[in-house]
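Asker: One structure, pasted below without further comment.
The values are calculated or read from the model by the stated rules, or taken from the named source; none is laboratory data. The structure presented is a predicted model; accordingly, all values stated were derived computationally and were not measured. Neighbour counts run over all protein chains shown; Cβ positions are idealised from the backbone, glycine included. Only protein heavy atoms, including side chains, enter the accessible area calculation; ligands, DNA and RNA are left aside. Shrake-Rupley method; radii C 1.70, N 1.55, O 1.52, S 1.80 Å.
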Amino acid sequence: MTDGRVILAQHIASQDDAHRPYGGVVPEIAARAHVERLTPLIAATLADAGLTLADMDAIAATAGPGLIGGVMVGLVSAKALAMASDKPLIAINHLEGHALSPRLADATLAFPYLLLLASGGHCQLLRVDGVGRYRRLATTIDDALGEAFDKTAKILGLGYPGGPAVERLAATGDPKAVKLPRPLLGSPEPHFSFAGLKSAVLRAKQAGAHADADIAAAFQQAAVDCVLDRTARGIAAAHGPDQPPITALVVAGGVAANRAIRAALESLAAAHGLRFVAPPLALCTDNAAMIAWAGLEHLALGGREAVADGLDAVARPRWPLDPEAEPARGAGVKA
Ligand code: KG4
Ligand code: ZN
């Protein structure tokens, strides 16, 4: 890290093993695992950093959006620590953690930038004008991109979590061997759609005529094509007469770990004369450092006074980054 941005300590208590037998996250198991693991995790992280609670400037914690059991456990624990140590609590939107994580990785990344936020629950294009200033230009009208990777993995029997497994298998397949649709490609509508692609993957598998590696490769190529087309549209939409031009194309969220998607976006950015910034893989998938960093960004804006009301924060299952964004058409719309 540059510019004094140093991660002193970070631990991740992965729950993947607990959820793997079920092929996806089971809310009750997730909430229970948070209760069991969080306190020792915080103690271990502080010990690793050689610090105590008294050394903190503030405590940042995720207040949503997400599975409410885990969010509540985390937020209540943070409130208890904040009260016990008389530190301000900064309630952070999980998506904001992803949105600002590229600035943790790259101190030279300035606002405004265009962000592709692609995770297990979201697929959005956001114009990021500053801390707390997000304008949603596009979202998915059905499935999130990570969800499409996870479902493809399930269809191909690759286990959970699916993204990395699909990427590995795709590397050994021929993307042209299976014809798959590219939903909304070339559409004037700004949004993403992946449900039709997922259904086509299921049909291709059921047809029994294709190697799994070819299906994985064809799926990943279709996903890349959709992401490129929609992001190119987003770059055009992010430019407006009354606003400062974006300086960079940025990708964040778990799917940003995908090398094919990163490479495609890097070329797209270059073609538009934009910098391309993607956090290191460890900062792409969910992690605590990005939430701490978002807390620091808020703290830097207003100091302790500006953030001191976190004790009133409530856990929110839904929490859009841009509350003014028009709802996208379609059922099962993600905030
Ligand atoms: O941001 P994240 O860690 O958690 C959420 O907030 O959802 O994202 C997890 C998602 C999962 O759907 C996972 O399959 C996907 O990111 N993912 C990937 C890769 N690594 C993780 N998708 C494609 N390729 C990858 N290498
Ligand atoms: Zn996430």
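Asker: If you check K176 against the conditions, is it in a loop (DSSP other than H, G, I, E, B), of a type in the set (K, R) and touching a residue at least 12 places away in the same chain (Cβ under 8 Å)? I'd like the intermediate steps shown before the answer.
Answerer: Numbers: in a loop (DSSP other than H, G, I, E, B): yes; of a type in the set (K, R): yes; touching a residue at least 12 places away in the same chain (Cβ under 8 Å): yes.
In short, yes.
Asker: Checking I141 against (1) away from ligand 1 (no atom under 16 Å from the Cβ); (2) under 23 Å from L116 (Cα atoms); (3) touching a helix residue (DSSP H, G or I) at 6+ places or on another chain (Cβ under 7 Å), which test does it fail?
Answerer: Condition not satisfied by I141: (3).
Asker: In the list A232, A218, which residue meets the criterion of being in a helix (DSSP H, G or I), surrounded by fewer than 19 Cβ atoms within 10 Å (Cβ to Cβ) and over 19 Å from the mean Cα position of the chain (by Cα)?
Answerer: Values: A218 fails: surrounded by fewer than 19 Cβ atoms within 10 Å (Cβ to Cβ).
Just a single option satisfies the conditions, and that option is A232.
Asker: Specify which of the listed residues (L89, L67) is in contact with a helix residue (DSSP H, G or I) (Cβ under 7 Å, 6 or more places away or on another chain), in contact (Cβ under 8 Å) with a residue 12 or more places away in the chain, surrounded by fewer than 22 Cβ atoms within 10 Å (Cβ to Cβ) and not hydroxyl-bearing (S, T, Y). Talk me through it step by step, then tell me what you get.
Answerer: Values: L89 fails: surrounded by fewer than 22 Cβ atoms within 10 Å (Cβ to Cβ).
Answer to the selection: L67.
Asker: Quick check on my filter: what residues within region 242-285 are within 16 Å of ligand 2 (Cβ to nearest atom), open to solvent by 60 Å² or more (accessible area, probe 1.4 Å) and either over 15 Å from the mean Cα position of the chain (by Cα) or at pLDDT 95 or above (or both)?
Answerer: none
Asker: For region 151-170, name all the residues that are under 20 Å from the mean Cα position of the chain (by Cα), under 15 Å from A223 (Cα atoms) and touching a residue at least 60 places away in the same chain (Cβ under 8 Å).
Answerer: T152, G163, P164, E167
Asker: Would you confirm whether any residue within region 188-196 is surrounded by 22 or more Cβ atoms within 10 Å (Cβ to Cβ), within 16 Å of ligand 2 (Cβ to nearest atom) and at pLDDT 95 or above?
Answerer: Just the residues of region 188-196 that are surrounded by 22 or more Cβ atoms within 10 Å (Cβ to Cβ), to begin with: 191-194.
Going one step further and asking which of them are within 16 Å of ligand 2 (Cβ to nearest atom), we end up with none.
No, region 188-196 contains no residue that is surrounded by 22 or more Cβ atoms within 10 Å (Cβ to Cβ), within 16 Å of ligand 2 (Cβ to nearest atom) and at pLDDT 95 or above.
Asker: Here is a further query. Output yes when any residue across region 147-156 is assigned to a loop (DSSP other than H, G, I, E, B), within 16 Å of ligand 1 (Cβ to nearest atom), more than 19 Å from V277 (Cα to Cα) and open to solvent by 30 Å² or more (accessible area, probe 1.4 Å), and no when none is.
Answerer: Restricting attention to region 147-156, the residues satisfying the condition of being assigned to a loop (DSSP other than H, G, I, E, B) are 156.
In the following step, the residues that additionally are within 16 Å of ligand 1 (Cβ to nearest atom) were identified as 156.
Now narrow it down to the ones that are more than 19 Å from V277 (Cα to Cα): 156.
Retained after the next criterion (residues that are open to solvent by 30 Å² or more (accessible area, probe 1.4 Å)): none.
No, region 147-156 contains no residue that is assigned to a loop (DSSP other than H, G, I, E, B), within 16 Å of ligand 1 (Cβ to nearest atom), more than 19 Å from V277 (Cα to Cα) and open to solvent by 30 Å² or more (accessible area, probe 1.4 Å).
Asker: Report the residue count in region 162-187 for those that are at pLDDT 95 or above and within 16 Å of ligand 2 (Cβ to nearest atom).
Answerer: Going residue by residue through region 162-187, those that are at pLDDT 95 or above are 163-187.
The next check asks that each one be within 16 Å of ligand 2 (Cβ to nearest atom); those that pass are 163-164.
Of the residues in region 162-187, 2 are at pLDDT 95 or above and within 16 Å of ligand 2 (Cβ to nearest atom).
Asker: Of everything in region 144-161 that's farther than 12 Å from S119 by Cα and of a type in the set (G, A, S), which residue is farthest from ligand 2 (Cβ to nearest atom)?
Answerer: The extreme case among them is G157.
Asker: In region 7-34, what residues are of a type in the set (D, E) and touching a helix residue (DSSP H, G or I) at 6+ places or on another chain (Cβ under 9 Å)?
Answerer: Initially, region 7-34 is screened for residues of a type in the set (D, E), giving 16-17, 28.
Hit for region 7-34 is E28, nothing else.
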